[in-house]
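Asks: Mind having a look at this structure? Questions to follow.
The values are calculated or read from the model by the stated rules, or taken from the named source; none is laboratory data. None of the values given here were measured: they were computed from a predicted structure. Please note: Cβ atoms are built from the backbone with ideal geometry, for glycine as well, and neighbour counts cover all protein chains shown.
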Amino acid sequence: MEKDKLAYERKDKKVLITGSTGFIGSHVKSALELSGYEVLGLGRGNKEDFNLDLSSKDLKNIIKEISPSLIFHFASGSNISRANEEKEKEYIDTVTSTENLLNSLKDLSSKPKIIYLSSQAVYGIPKSLPVTEDHETSPKSIYGENKLKAEKLIIESGFNYLIFRVSSIYGPNQDYKKSGVITKFIHRMKNNEAPIVFNNLETFSDFLYVKDLASALVKATSPQYDISGSYNLASGKPTTMKDLLDALYEYFPNAPKAVLESNDVYLSNGIYLSADKLKLDTNWSCKYNLKGGLSDMLPAEGEARQGRQTVKL
């Protein structure tokens with residue numbers, strides 16, 4: 001579908017994003033605006049259109065005033081480690097915030113569609129790979145438990161919804177303090193510090209570039225497809241920590257060698273998801289493999305590369 005036709009079909013559609021100034025929210029907001037949506041952001045931050053906590057009593061009135069057709073719910077807890085360290089706060093940020101948002105929508109005459117970003121963490125330790133949507137949900141982390149509880153609130157709310165169980169997202173402007181092993185590695189290597197690998201180099205993950213995530217969400221909510229239900233959103237390909245570090249040492253050849261540390265929070269050798277259901281229903285596919293994503297994310301470092309080095313331990 002041509003871009004100008006999409007814009008015409010969507011010109012009267014308003015979108016609300018909770019957490020629109022965050023890493024994922026900002027990328028999705030830009031992609032939606034380019035596709036013809038009017039996008040407003042709501043959350044805790046001075047750069048949001050509405051600087052408002054999801055527990056606020058004003059939430060209902062603001063949403064009624066906006067009257068969005070779609071609500072992208074990105075405001076949530078941050079990562080597995082922080083969920084263990086700050087249990088109450090992470091529960092409030094993920095589960096309670098979702099409950100508050102849904103309660104604020106109950107009396108609206110026009111019901112918006114909810115698009116929620118969940119996580120591969122809801123599956124727990126995979127029994128088969130790649131993990132499909134019919135794999136049992138048995139989270140082994142507090143983070144995964146919170147995400148699954150938020151999912152169930154949305155499913156049982158009666159609203160039309162899309163839930164995306166996403167893999168490991170990476171890309172520009174990601175905060176290394178919050179999440180993202182790629183961003184953490186890059187931060188340390190840029191600062192001449194050793195990247196830290198948990199448990200072993202053969203641990204693997206499924207890395208999805210944030211621009212691919214944004215394109216998937218735009219496509220899945222377009223008038224052409226307008227799907228509902230729960231979907232995996234991932235590259236569908238496993239990458240070991242060794243292969244990831246080999247790729248990063250091309251950009252930072254003089255960085256210190258990697259070090260191994262044990263970490264009981266990460267219980268399995270890894271996980272990667274099948275995104276075949278989403279591809280079948282929307283004809284979406286990844287534009288960026290890991291090499292392409294890193295090249296787009298690190299252009300300056302790419303120009304200064306001094307040749308390939310393999311992972312050092």
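Asks: Taking Lys149 as meeting all but one of (1) in a helix (DSSP H, G or I); (2) over 21 Å from the mean Cα position of the chain (by Cα), write down the number of the exception.
Replies: (2) is the only condition that Lys149 fails.
Asks: Now for a separate question. Looking at the stretch 43-61, is at least one residue closer than 30 Å to Asp206 by Cα and either buried (at least 22 other Cβ atoms within 10 Å of the Cβ) or touching a residue at least 40 places away in the same chain (Cβ under 8 Å) (or both)?
Replies: Yes.
Asks: Moving on to the next point. Which residues, taken from the stretch 209-232, are farther than 26 Å from Ile196 by Cβ and in a helix (DSSP H, G or I)?
Replies: The answer is Lys211, Asp212, Ala214, Ser215, Ala216, Leu217, Val218, Lys219, Ala220.
Asks: Still on this structure: Report, by residue number, each residue of the stretch 150-165 that is β-branched (Val, Ile, Thr) and surrounded by fewer than 21 Cβ atoms within 10 Å (Cβ to Cβ).
Replies: Ile155
Asks: Can you pull out the residues in the stretch 147-167 that are within 16 Å of Glu90 (Cβ to Cβ) and either modelled with pLDDT under 95 or among the basic types (Lys, Arg) (or both)?
Replies: Those that are within 16 Å of Glu90 (Cβ to Cβ) and either modelled with pLDDT under 95 or among the basic types (Lys, Arg) (or both): Lys147, Lys149.
Asks: Determine, yes or no, whether Tyr37 is of a type outside the set (Val, Ile, Thr), surrounded by 15 or more Cβ atoms within 10 Å (Cβ to Cβ), without any contact (Cβ under 8 Å) to a residue 60 or more places away in the chain and within 21 Å of Ser228 (Cβ to Cβ).
Replies: Against the criterion (of a type outside the set (Val, Ile, Thr), surrounded by 15 or more Cβ atoms within 10 Å (Cβ to Cβ), without any contact (Cβ under 8 Å) to a residue 60 or more places away in the chain and within 21 Å of Ser228 (Cβ to Cβ)), Tyr37 qualifies.
Asks: Same structure, new question: For the subset of the stretch 172-197 comprising residues that are in contact with a Leu (Cβ under 9 Å, 6 or more places away or on another chain) and surrounded by 21 or more Cβ atoms within 10 Å (Cβ to Cβ), which member is farthest from Leu294 (Cα to Cα)?
Replies: Once the filter is applied, the top-ranked residue is Val197.
Asks: With Asn79, Asn61 as the choices, which residue is more than 22 Å from Gly180 (Cα to Cα) and at pLDDT below 95?
Replies: Of the residues listed, the single one that is more than 22 Å from Gly180 (Cα to Cα) and at pLDDT below 95 is Asn61.
Asks: Just checking, how many residues over the stretch 102-122 are touching a helix residue (DSSP H, G or I) at 6+ places or on another chain (Cβ under 8 Å), under 28 Å from Lys277 (Cα atoms) and assigned to a helix (DSSP H, G or I)?
Replies: The total comes to 3.
Asks: So, one more: Taking the residues in the stretch 174-198 that are among the polar types (S, T, N, Q) and without any contact (Cβ under 8 Å) to a residue 40 or more places away in the chain as candidates, determine which candidate is farthest from Pro299 (Cα to Cα).
Replies: It comes out as Asn191.
Asks: For a quick check of your reading of the model, give me the residue pairs whose first member lies in the stretch 259-288 and is in contact (Cβ under 8 Å) with a residue 60 or more places away in the chain and within 20 Å of Val210 (Cβ to Cβ), whose second is among the basic types (Lys, Arg) and surrounded by 14 or more Cβ atoms within 10 Å (Cβ to Cβ), with beta-carbon atoms closer than 8 Å and at least 6 apart or on different chains.
Replies: Within 8 Å, the pairs are Tyr272/Lys237; Leu273/Arg165; Thr282/Lys219; Trp284/Lys219; Lys287/Lys211; Tyr288/Lys211.
Asks: Just give me the residues in the stretch 3-34 being basic (Lys, Arg) and either surrounded by 18 or more Cβ atoms within 10 Å (Cβ to Cβ) or at pLDDT 95 or above (or both), in sequence order.
Replies: Arg10, Lys29 - these are the residues of the stretch 3-34 that are basic (Lys, Arg) and either surrounded by 18 or more Cβ atoms within 10 Å (Cβ to Cβ) or at pLDDT 95 or above (or both).
Asks: So, in the stretch 111-132, of the ones that are touching a Ser or Thr at 6+ places or on another chain (Cβ under 6 Å) and surrounded by fewer than 18 Cβ atoms within 10 Å (Cβ to Cβ), which residue ends up farthest from Lys237 (Cα to Cα)?
Replies: Ile125
Asks: A follow-up question, please. For the stretch 179-191, check the following and say yes or no: at least one residue is part of a loop (DSSP other than H, G, I, E, B), closer than 21 Å to Ser30 by Cβ and either of a type in the set (S, T, N, Q) or touching a His at 6+ places or on another chain (Cβ under 7 Å) (or both). Talk me through it step by step, then tell me what you get.
Replies: Kept after step one, since they are part of a loop (DSSP other than H, G, I, E, B), are these residues of the stretch 179-191: 179-180, 191.
Remaining after also requiring closer than 21 Å to Ser30 by Cβ: 179-180.
Pick out the ones that are also either of a type in the set (S, T, N, Q) or touching a His at 6+ places or on another chain (Cβ under 7 Å) (or both) and you get 179.
There is at least one residue in the stretch 179-191 that is part of a loop (DSSP other than H, G, I, E, B), closer than 21 Å to Ser30 by Cβ and either of a type in the set (S, T, N, Q) or touching a His at 6+ places or on another chain (Cβ under 7 Å) (or both).
Asks: Filter the stretch 15-52 down to residues that are of a type in the set (D, E, K, R) and touching a Ser or Thr at 6+ places or on another chain (Cβ under 8 Å) and give me whichever is nearest to Ser168 (Cα to Cα). It would help to see each step written out before you state the result.
Replies: Step one: list which residues in the stretch 15-52 are of a type in the set (D, E, K, R), which gives 29, 33, 38, 44, 47-49.
Applying the additional criterion that residues be touching a Ser or Thr at 6+ places or on another chain (Cβ under 8 Å) yields 29, 47-49.
Details: Lys29: 19, Lys47: 26, Glu48: 25, Asp49: 28 Å.
Of everything passing the filter in the stretch 15-52, Lys29 is nearest to Ser168 (Cα to Cα).
Asks: Scan Lys242, Lys219 and give me the residue that is surrounded by fewer than 19 Cβ atoms within 10 Å (Cβ to Cβ), at pLDDT 95 or above and more than 14 Å from the chain's Cα centre (by Cα).
Replies: Unique residue meeting the criteria: Lys242.
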